[in-house]
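One structure is given below, encoded as structure tokens.
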Amino acid sequence: LLSDAEKAAVVSVWAKASGNVNALGGEALERLFLSFPQTKTYFSHFDLSAGSQDLQVHGGKVLGAIGEATKHIDNLESALSKLSDLHAYNLRVDPGNFRLLSHTIQVTLAAHFQAEFDATAQAAWDKFLAAISTVLTSKYR
Ligand code: HEM
């Protein structure tokens with residue numbers, strides 16, 4: 001699905017981000033909730049104020065899962081199988097929201113890693129996050 005060059009671009013940006021998952025993930029969620037307020041409905045049990053503990057911890061979980069996926073780019077379906085069950089059967093997140101989160105993750109990476117996150121790397125990340133989203137929305141029915 002991803003070319004070798006695209007995989008390398010994903011991995012090299014991840015190497016920059018991996019040490020700071022709570023802050024970066026929290027920022028991606030903050031951007032999600034500010035730009036697309038309808039997505040807040042899934043998180044009514046969270047404190048959604050900027051920089052909150054809930055945003056940081058959940059952001060860390062989301063980016064942690066993405067980091068794990070960088071190790072299994074050729075095998076996303078089995079690597080993300082549990083998360084796929086969770087989002088489809090338990091959470092029932094509208095699949096359209098995955099595009100929105102993928103977007104705010106990319107904006108966050110662009111804001112922090114300007115040099116590494118060039119146009120080629122961004123296109124690779126867009127493809128990678130779309131592949132993850134496809135797996136996480138594959139069990140809806
Ligand atoms: C939970 C990852 C997209 C809503 C989670 C968890 C992870 C995760 C790792 C925690 C699972 C656990 O505790 O075992 C991801 C990834 C996504 C994604 C990698 C896409 C790249 C979304 C989207 C929404 C969403 C688009 C809704 C707008 C939720 C909710 C929970 C959750 C409501 C449960 C939160 C809680 O109560 O702790 N997700 N997610 N996710 N996700 Fe996602």
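Quick notes on this structure:
- Test: residue in the stretch 117-135 that is surrounded by fewer than 14 Cβ atoms within 10 Å (Cβ to Cβ), more than 8 Å from the ligand (Cβ to nearest atom), farther than 26 Å from Ser12 by Cβ and β-branched (Val, Ile, Thr): no
- Some residue of the stretch 43-52 being of a type in the set (D, E, K, R) and within 17 Å of Phe98 (Cβ to Cβ): no
- Test result for Ala8, more than 13 Å from the ligand (Cβ to nearest atom), under 14 Å from the mean Cα position of the chain (by Cα) and farther than 14 Å from Ser133 by Cα: no
- Of the listed requirements (1) more than 25 Å from Gln38 (Cα to Cα); (2) more than 15 Å from the chain's Cα centre (by Cα), Arg92 misses just one: (1).
Residue-by-condition table, conditions (1) of a type in the set (S, T, N, Q); (2) away from the ligand (no atom under 11 Å from the Cβ); (3) at pLDDT 95 or above:
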| residue | (1), (2), (3) |
| --- | --- |
| Leu34 | no, yes, yes |
| Asp47 | no, yes, yes |
| Asp54 | no, no, yes |
| Leu63 | no, no, yes |
| Ser78 | yes, yes, yes |
| Asn97 | yes, no, yes |
| Phe113 | no, yes, yes |
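- Long-range neighbours under 8 Å by Cβ, at least six apart or interchain, first residue under 23 Å from Lys40 (Cα atoms) within the stretch 56-83, second not in a helix (DSSP H, G or I): His58/Phe46; Ala65/Leu80
The values are calculated or read from the model by the stated rules, or taken from the named source; none is laboratory data. Note that the structure is a prediction, hence the values are computed from the model and not measured. Backbone-built Cβ (ideal geometry, glycine too); neighbour counts: all protein chains shown.
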